[in-house]
Amino acid sequence: MEGGRRLVIAGGSGFVGRALAVAAADRGYEVVVLSRRAGVRVPRARVVWWDGRTRGAWVKELEGAEALVNLAGRTVNGRHTREVLREIDGSRVETTRVLGDAVHGCVVAPRVWVQAGSLAIYGDAGDRWCDEEAPLGEGVPVRTARRWERAFAESPTPRTRRVVLRMGLVLGREAGVLAMMARVVKWGVGGALGSGRQFVSWIHVADLVRVVMRVVEDASMSGVYVASSPEPVRNAEFMEQLREVWGRPWVPRVPAWLVRCGCWLMGTEAVLALTGRRGDPRRLEEAGFTFRFPVLREALADLYGGGERRGPARVGVPGPVWAVKVR
Ligand SMILES: NC(=O)c1ccc[n+]([C@@H]2O[C@H](COP(=O)([O-])OP(=O)(O)OC[C@H]3O[C@@H](n4cnc5c(N)ncnc54)[C@H](OP(=O)(O)O)[C@@H]3O)[C@@H](O)[C@H]2O)c1
């Protein structure tokens, strides 16, 4: 190992992985990204090919690594045909299983494995707060999220500390879902979706990266954590704030049937827009983690403050990587 502590990011070529690679490299880690795409480039990282299903030369990157972060998975943003659903599930379960096998086979296993998960596991949870203890929901996205966590829980890696992050909607200029919503707002049809009462649990990508670095470096943290800001908002408010940041006027609510048509036209699933949950990052707060962007207005201002003319998002994390509340 040339660069000291190694942090391996499976599926690190995407939106979250790129932000994490920069932040980890800034903190002195040698960053290795596992990608299925030969030749893909990730700033500040060395990219190593894997197929996401079988062991190969990539396995040696885990030997003696400080941390493994698994972000791999086909996006859920798309039309959920049976075949796509099989791929969404398979891309999560198979990558997790083969990583588990690889970690198990290490002479010196990674100290910590941080696994992406999703708040979708709580289903359409209405107004109740969803902390780590909250009951899980029902439906297709829930089944995917449960299989993903089960594959992780079943991995035979007793020498490695393990953390699952149930992530809310990650906000960043490069985020696919937010870009889609911004497009809708700019078209002038960014009213509240459906009833507008469903909660959107969100997290600024810079905070998510700080969460990951915190759990990597804090040996006292393990198990499940809700990774979303402490102030989720209803969809109506989320859309209103998006309109505000893009300087668009009020528009009427979009009824659920129209959302379904719109989602179909945009090649995505209405369930992603019409259902919601109210994430409560109780365990992160108990661990003393403080969010740099607890409030949506500030998060959007940071990302879009200069409107369309502004340059790429600041996903790197300047200054201290996290601020720890002293209790
Ligand atoms: N962004 C969010 O709002 C959000 C919210 C909750 C949970 N999550 C989860 O967090 C993880 C990271 O999110 P992200 O926004 O960074 O996702 P992303 O941009 O879509 O990146 C995910 C990465 O997974 C890899 N991948 C895609 N299909 C795969 C397959 N069939 N087999 C193996 N690897 C595959 C890709 O890497 P290569 O093509 O280079 O192999 C891709 O770069 C994802 O698993 C996502 O589901 C994200």
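Tell me which residues, restricted to the range 33-56, are among the small types (Gly, Ala, Ser) and at pLDDT 95 or above.
Scanning the range 33-56 gives 35, 45, 52, 56.
Here is a list: 248, 292, 210, 282. Which entry is farther than 30 Å from residue 160 by Cα, basic (Lys, Arg) and in contact (Cβ under 8 Å) with a residue 12 or more places away in the chain?
Values: 292 fails: farther than 30 Å from residue 160 by Cα; 210 fails: farther than 30 Å from residue 160 by Cα; 282 fails: farther than 30 Å from residue 160 by Cα.
Being farther than 30 Å from residue 160 by Cα, basic (Lys, Arg) and in contact (Cβ under 8 Å) with a residue 12 or more places away in the chain holds for just one of 248, 292, 210, 282, which is 248.
Across the range 88-118, which residue is farthest from the ligand (Cβ to nearest atom) among those that are within 21 Å of residue 221 (Cβ to Cβ), out of contact with any Asp or Glu (no Cβ under 8 Å at 6 or more places or on another chain) and in a helix (DSSP H, G or I)?
Within the range 88-118, the match that is farthest from the ligand (Cβ to nearest atom) is 103.
Among what's in the range 1-20 and is over 23 Å from residue 55 (Cα atoms) and either within 14 Å of the ligand (Cβ to nearest atom) or of a type in the set (A, V, I, L, M, F, W, C) (or both), pick the residue that is nearest to the chain's Cα centre (by Cα).
By that ranking, first place goes to 16.
Any residue at all in the range 47-57 that's closer than 25 Å to residue 213 by Cα, in a helix (DSSP H, G or I) and among the aromatic types (Phe, Trp, Tyr)? Please lay out each step first, then the result.
Residues of the range 47-57 that are closer than 25 Å to residue 213 by Cα, as a first pass: 47-50, 52.
If we keep only those that are in a helix (DSSP H, G or I) as well, we get none.
Checking the range 47-57: not a single residue is closer than 25 Å to residue 213 by Cα, in a helix (DSSP H, G or I) and among the aromatic types (Phe, Trp, Tyr).
Conditions tested, residue by residue: (1) among the β-branched types (Val, Ile, Thr); (2) within 27 Å of residue 168 (Cβ to Cβ).
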| residue | (1), (2) |
| --- | --- |
| 35 | no, yes |
| 62 | no, no |
| 76 | yes, yes |
| 81 | yes, yes |
| 94 | no, yes |
| 105 | no, no |
| 112 | yes, yes |
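Mind listing just one residue for me: the one in the range 123-148 that is in contact (Cβ under 8 Å) with a residue 60 or more places away in the chain and within 12 Å of the ligand (Cβ to nearest atom) and, of those, surrounded by the most Cβ atoms within 10 Å (Cβ to Cβ)?
Per the criteria, the residue is 148.
Within the range 74-87, count every residue that is more than 8 Å from the ligand (Cβ to nearest atom) and among the aliphatic types (A, V, I, L, M).
Here the count works out to 2.
Can you report the number of residues in the range 32-47 which are within 11 Å of the ligand (Cβ to nearest atom) and either over 24 Å from the mean Cα position of the chain (by Cα) or not polar (S, T, N, Q) (or both)?
Residues of the range 32-47 that are within 11 Å of the ligand (Cβ to nearest atom), as a first pass: 33-42, 47.
Filter once more, keeping what is either over 24 Å from the mean Cα position of the chain (by Cα) or not polar (S, T, N, Q) (or both): 33-34, 36-42, 47.
Summing the residues that are within 11 Å of the ligand (Cβ to nearest atom) and either over 24 Å from the mean Cα position of the chain (by Cα) or not polar (S, T, N, Q) (or both) in the range 32-47 gives 10.
Filter the range 59-87 for residues that are part of a helix (DSSP H, G or I) and in contact (Cβ under 8 Å) with a residue 40 or more places away in the chain and give the result.
Keep residues of the range 59-87 that are part of a helix (DSSP H, G or I), which gives 59-62, 82-87.
Across the range 59-87, the qualifying residues are 59, 61, 62, 85.
Just need a number here: residues in the range 34-46 that are assigned to a strand (DSSP E or B) and surrounded by fewer than 23 Cβ atoms within 10 Å (Cβ to Cβ).
1
Of the conditions (1) touching a Ser or Thr at 6+ places or on another chain (Cβ under 9 Å); (2) modelled with pLDDT of 95 or more; (3) within 11 Å of the ligand (Cβ to nearest atom), residue 68 fails just one. Which one is it?
(3)
All but one of (1) on the phi > 0 side of the Ramachandran plot; (2) in contact with a helix residue (DSSP H, G or I) (Cβ under 8 Å, 6 or more places away or on another chain) hold for residue 39; which doesn't?
Evaluating residue 39 over (1) on the phi > 0 side of the Ramachandran plot; (2) in contact with a helix residue (DSSP H, G or I) (Cβ under 8 Å, 6 or more places away or on another chain) leaves (2) as the failure.
Within the range 40-55, can you find the residues that are touching a residue at least 40 places away in the same chain (Cβ under 8 Å) and touching a Phe, Trp or Tyr at 6+ places or on another chain (Cβ under 8 Å)? Break it down stepwise before answering.
First, the residues of the range 40-55 that are touching a residue at least 40 places away in the same chain (Cβ under 8 Å): 50, 52-55.
Selection gives 50 alone.
Specify which of the listed residues (93, 114) is more than 20 Å from residue 203 (Cβ to Cβ) and within 20 Å of the chain's Cα centre (by Cα).
Values: 114 fails: more than 20 Å from residue 203 (Cβ to Cβ).
Just a single option satisfies the conditions, and that option is 93.
For residue 179, are the conditions met, namely being surrounded by 21 or more Cβ atoms within 10 Å (Cβ to Cβ), assigned to a helix (DSSP H, G or I) and not charged (D, E, K, R)? Spell out the reasoning first.
Working: surrounded by 21 or more Cβ atoms within 10 Å (Cβ to Cβ): no; assigned to a helix (DSSP H, G or I): yes; not charged (D, E, K, R): yes.
When the stated conditions are applied, residue 179 does not pass them.
The values are calculated or read from the model by the stated rules, or taken from the named source; none is laboratory data. What you see is a predicted model, and the numbers here were worked out from it, not measured in a lab. Neighbour counts are summed over all protein chains in view; Cβ atoms, including those assigned to glycine, are modelled from backbone coordinates with ideal geometry.
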